[in-house]
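J.: Quick one: the structure is below, questions incoming.
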Amino acid sequence: MVYLWRFKKFPDTTIPPEYMRILMYLRNNGPKSSREIAKTLGLKPRTIRRILQHLKRIGSVDVVLRPKRTLEDYNENSLEKT
């Protein structure tokens, strides 16, 4: 399972610069996995996950499950077979 993190809102309190970097990245690039965020920002995945958990607790990000199949995976041919 892959979880996607998405920007929700900026916090009311002051946060460290690396937290703000992640929020800005999500706001500008849409939902991303923690692995994608880590790779792009050059931080360790474990660090990213820790920061994202904190940002989720304060209501700045939301997490959703990436679907295994998208609408593009369903074409007319596959629908006719069922």
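The values are calculated or read from the model by the stated rules, or taken from the named source; none is laboratory data. What you see is a predicted model, and the numbers here were worked out from it, not measured in a lab. So basically every Cβ, Gly included, is an ideal-geometry build from the backbone, and we count neighbours across all protein chains shown.
J.: Mind listing just one residue for me: the one in the stretch 1-28 that is in a helix (DSSP H, G or I) and aliphatic (A, V, I, L, M) and, of those, surrounded by the most Cβ atoms within 10 Å (Cβ to Cβ)? Spell out how you get there, then give the answer.
T.: The first filter runs over the stretch 1-28 and keeps only residues in a helix (DSSP H, G or I), leaving 17-28.
Imposing the further condition that a residue be aliphatic (A, V, I, L, M) reduces the set to 20, 22-24, 26.
On the way: M20: 15, I22: 27, L23: 21, M24: 12, L26: 22.
Per the criteria, the residue is I22.
J.: Restricting attention to the stretch 1-55, which residues are in contact (Cβ under 8 Å) with a residue 60 or more places away in the chain and within 10 Å of the chain's Cα centre (by Cα)?
T.: Narrowing the stretch 1-55 to residues in contact (Cβ under 8 Å) with a residue 60 or more places away in the chain: 1-4.
Those that are in contact (Cβ under 8 Å) with a residue 60 or more places away in the chain and within 10 Å of the chain's Cα centre (by Cα): V2, Y3, L4.
J.: In this structure, is L79 of a type in the set (A, V, I, L, M, F, W, C) and modelled with pLDDT under 95?
T.: yes
J.: Looking only at the stretch 1-47, filter to residues that are β-branched (V, I, T) and in contact with a strand residue (DSSP E or B) (Cβ under 9 Å, 6 or more places away or on another chain); which one of those is nearest to P67 (Cα to Cα)?
T.: Of the stretch 1-47, the ones β-branched (V, I, T) are 2, 13-15, 22, 37, 40, 47.
Filter once more, so that each one left must be in contact with a strand residue (DSSP E or B) (Cβ under 9 Å, 6 or more places away or on another chain): 2, 22, 37, 40.
Details: V2: 8, I22: 23, I37: 19, T40: 22 Å.
Filtering the stretch 1-47 for residues that are β-branched (V, I, T) and in contact with a strand residue (DSSP E or B) (Cβ under 9 Å, 6 or more places away or on another chain), the one nearest to P67 (Cα to Cα) comes out as V2.
J.: Can you name the residue in the stretch 29-42 that is at pLDDT 95 or above and over 15 Å from F7 (Cβ atoms) and is also surrounded by the fewest Cβ atoms within 10 Å (Cβ to Cβ) among such residues?
T.: G42
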